[in-house]
1. Go through the residues of the stretch 46-59 one by one and say whether even a single one is part of a helix (DSSP H, G or I) and crowded, with 16+ Cβ neighbours inside 10 Å.
2. Is there a residue in the stretch 193-201 that is part of a helix (DSSP H, G or I) and in the same structural domain as Tyr113 (by TED's automatic domain parsing)?
3. Between Asn186, Asn181, Asn196, which is over 26 Å from Cys50 (Cβ atoms) and of a type in the set (S, T, N, Q)?
4. Checking the structure you have, find out if any residue of the stretch 160-170 is out of contact with any helix residue (DSSP H, G or I) (no Cβ under 6 Å at 6 or more places or on another chain), in a helix (DSSP H, G or I), surrounded by fewer than 20 Cβ atoms within 10 Å (Cβ to Cβ) and aliphatic (A, V, I, L, M).
5. Say we look at the stretch 41-85 and pick out the residues that are among the acidic types (Asp, Glu) and closer than 15 Å to Gly115 by Cβ; which of these is nearest to ligand 1 (Cβ to nearest atom)?
6. Answer with yes or no whether Arg120 is under 22 Å from Cys50 (Cβ atoms), over 12 Å from the mean Cα position of the chain (by Cα) and not hydroxyl-bearing (Ser, Thr, Tyr).
7. If we scan the stretch 75-87, do we find a residue that is without any contact (Cβ under 8 Å) to a residue 40 or more places away in the chain and either assigned by TED's automatic domain parsing to the domain that holds Thr213 or not in a helix (DSSP H, G or I) (or both)?
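The values are calculated or read from the model by the stated rules, or taken from the named source; none is laboratory data. Here the structure is a predicted model, which means the values were calculated and not measured. Note that we place each Cβ from the backbone using ideal geometry, even for glycine, and neighbour counts take in every protein chain shown.
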Amino acid sequence: MHGILEAIIEPLGSLFFPAHCGGCGRSVSEHELLCRTCDSGLERIRPPRCDVCSQPYSGTTPAFTCPNCHGDQFSFDCAVAVVRSRGVVREMVHRLKYGREMWLARAMASWMYNGLSDPRLRGWTADALVPVPLHPRKLREREFNQSELLANELSRLCKIPVIAPLARVRDTGTQTRLDRNHRRQNLRDAFVLRKNADVADTNLLLVDDVLTTGSTLDACAAVLMRSGACSVRALTAARG
Ligand SMILES: [Zn+2]
Ligand SMILES: [Zn+2]
């Protein structure tokens with residue numbers, strides 16, 4: 001009986017989590033998410049980088065705030081990003097979002113799990129993970145929210161619960177062609193606190209796939225802080 005069950009469950013298991021490298025598709029051993037070549041190609045973000053937005057910086061000063069963050073208060077304390085959005089990483093983010101390869105969330109969440117030991121998040125405990133919500137129209141098109149998927153995978157690893165106190169009430173469209181100030185303007189009022197959501201006196205970790213300018217995370221953090229959160233920090237898999 002045991003043998004039969006195993007025979008049925010095992011092939012199903014490998015359907016959901018194929019033992020293939022998330023980057024190049026090469027066969028990998030069961031517990032590996034990326035092959036050695038793809039993994040060694042990841043550009044991990046290490047100091048020196050901006051303390052606030054994780055922008056890498058070539059210099060020798062360990063503590064540093066980049067010109068973008070200097071004097072320009074974000075509503076989050078800091079946004080930790082784990083790897084640069086280049087090469088395999090950029091492709092994986094794209095395949096997850098637009099190619100519906102949801103299994104890739106597992107590899108990305110494992111990077112984020114490592115990101116939790118960043119000095120900016122150590123010694124600070126999040127009460128909950130908060131995914132960036134999609135506008136309902138976009139959610140209908142895409143059928144899933146990649147931030148939610150990442151938050152759920154990360155939660156499985158770190159055991160911090162996921163909550164969804166935010167709603168996106170404005171579809172801001174694609175923002176890639178807008179400059180920083182226009183993005184910010186465009187995002188104002190895009191997010192609201194859901195009815196009956198209560199984030200008072202909580203420490204919250206916003207979760208998203210990629211950090212570009214930080215304006216989306218900032219708009220979310222602003223709503224959470226206005227709603228009484230103690231502190232908001234952010235964690236993304238990649239940094240544009
Ligand atoms: Zn590979
Ligand atoms: Zn910065």
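1. No: the stretch 46-59 contains no residue that is part of a helix (DSSP H, G or I) and crowded, with 16+ Cβ neighbours inside 10 Å.
2. Scanning the stretch 193-201 turns up no residue that is part of a helix (DSSP H, G or I) and in the same structural domain as Tyr113 (by TED's automatic domain parsing).
3. Asn196
4. Among the residues of the stretch 160-170, not one is out of contact with any helix residue (DSSP H, G or I) (no Cβ under 6 Å at 6 or more places or on another chain), in a helix (DSSP H, G or I), surrounded by fewer than 20 Cβ atoms within 10 Å (Cβ to Cβ) and aliphatic (A, V, I, L, M), which makes the answer no.
5. Glu43
6. Yes.
7. No.
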